[in-house]
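Below you'll find the structure, written out as structure tokens, and then a few comments.
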Amino acid sequence: MTGAGAVPVRAGVEDARPAGERRRVANSLLWAGAVTAGLLLGAAVASWVTWLGAVVGLAAVAVAACLVGGAWHRSGAALTVSFAGFALMLFATPAVYEGYMGAVGEPVDAVVLQVVDEDRRRGPDLFCTLQELDGERRVHRVSQLENCFGQAKAGDRVTITEDPLGLLDPRMPNGPGQEDSRRITLAATVGLTALVLGTTAYAGLRRRGR
């Protein structure tokens, strides 16, 4: 473009700008996906080994905070991603566990031997001791993480769901009114996942220079 007041543009600059924008978009989406995947991976691992899952999830939060707040200079977005990341791990861990058990778990008949409220200040309070009614009649002690919420008492027969790989503890069946709780957990997991993904991508697209 020429004419009065026009700023000359060097050859190749106009072509370079779209390429740079494409790289920025691709980079932002890649990091957003990696951070979100790291948080969900931490939640999945926490269903198996709680402390290891917490380490993976916290590492993902730390990377996101340093990247978004430090490298990209979007402090508000960094706070949002950090808080949403912590919340996502809390909701995603039971959601992943329930989803996995629902998809591949095997039903096994069992009897409740004992339900104990240990009134802990940290961690689960209720613990259920279960014994299988068939096969080796194995005994399991499960907590609220495995859905022991007092919906069954000693002597009740229940159908538990077992992990075919034997990596996770059996899951107790839902009690009355628990379906609403499951829907809330799933909705929160989906919403927080979208929030982390979207905020990280937005921060990358709107990153600031030094």
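The values are calculated or read from the model by the stated rules, or taken from the named source; none is laboratory data. What you see is a predicted model, and the numbers here were worked out from it, not measured in a lab. With ideal geometry, Cβ positions are generated from the backbone for all residues, glycine too; neighbour counts draw on all protein chains shown. Just so you know, the surface numbers come from the protein's heavy atoms only, side chains and all, with ligands and any DNA or RNA stripped out. Shrake-Rupley method; radii C 1.70, N 1.55, O 1.52, S 1.80 Å.
Brief remarks on what is shown
- So Leu192, is it surrounded by fewer than 17 Cβ atoms within 10 Å (Cβ to Cβ), under 30 Å from Ala77 (Cβ atoms) and not β-branched (Val, Ile, Thr): no
- Annotation: of all residues in region 147-165 being in contact with a strand residue (DSSP E or B) (Cβ under 7 Å, 6 or more places away or on another chain) and acidic (Asp, Glu), the one that is most open to solvent (accessible area, probe 1.4 Å) is Asp156.
- Per-region count, region 28-57, residues outside any helix (DSSP H, G or I) and either of a type in the set (Phe, Trp, Tyr) or in contact (Cβ under 8 Å) with a residue 60 or more places away in the chain (or both): 2
- If you go through region 173-192 and keep only what is over 26 Å from Thr36 (Cα atoms) and either β-branched (Val, Ile, Thr) or outside any loop (DSSP other than H, G, I, E, B) (or both), you end up with Gln178, Glu179.
- Single match in Gly85, Gly105 (criterion: modelled with pLDDT under 95 and under 23 Å from Thr50 (Cβ atoms)): Gly105
- Condition met for Leu79 (closer than 29 Å to Leu165 by Cβ and either β-branched (Val, Ile, Thr) or without any contact (Cβ under 8 Å) to a residue 40 or more places away in the chain (or both)): no
- Residue within region 166-186 that is of a type in the set (Val, Ile, Thr), more than 21 Å from the chain's Cα centre (by Cα) and surrounded by fewer than 18 Cβ atoms within 10 Å (Cβ to Cβ) present: no
- Residues in region 98-115 that are assigned to a helix (DSSP H, G or I) and either closer than 14 Å to Gln144 by Cα or open to solvent by 40 Å² or more (accessible area, probe 1.4 Å) (or both): Glu98, Gly99, Tyr100, Gly102, Ala103, Val104.
- Residue within region 15-23 that is touching a helix residue (DSSP H, G or I) at 6+ places or on another chain (Cβ under 9 Å), modelled with pLDDT under 95 and of a type in the set (Lys, Arg) present: no
- With a requirement of 1 or more residues that are touching a Pro at 6+ places or on another chain (Cβ under 6 Å) and free of Cβ contacts under 8 Å to residues at least 60 places away in the same chain, the strands (runs of 3 or more DSSP E) lying completely within region 116-172 that satisfy it span 139-143, 157-162.
- Region 31-89, residues that are polar (S, T, N, Q), under 30 Å from Asp169 (Cβ atoms) and surrounded by fewer than 23 Cβ atoms within 10 Å (Cβ to Cβ): Thr50
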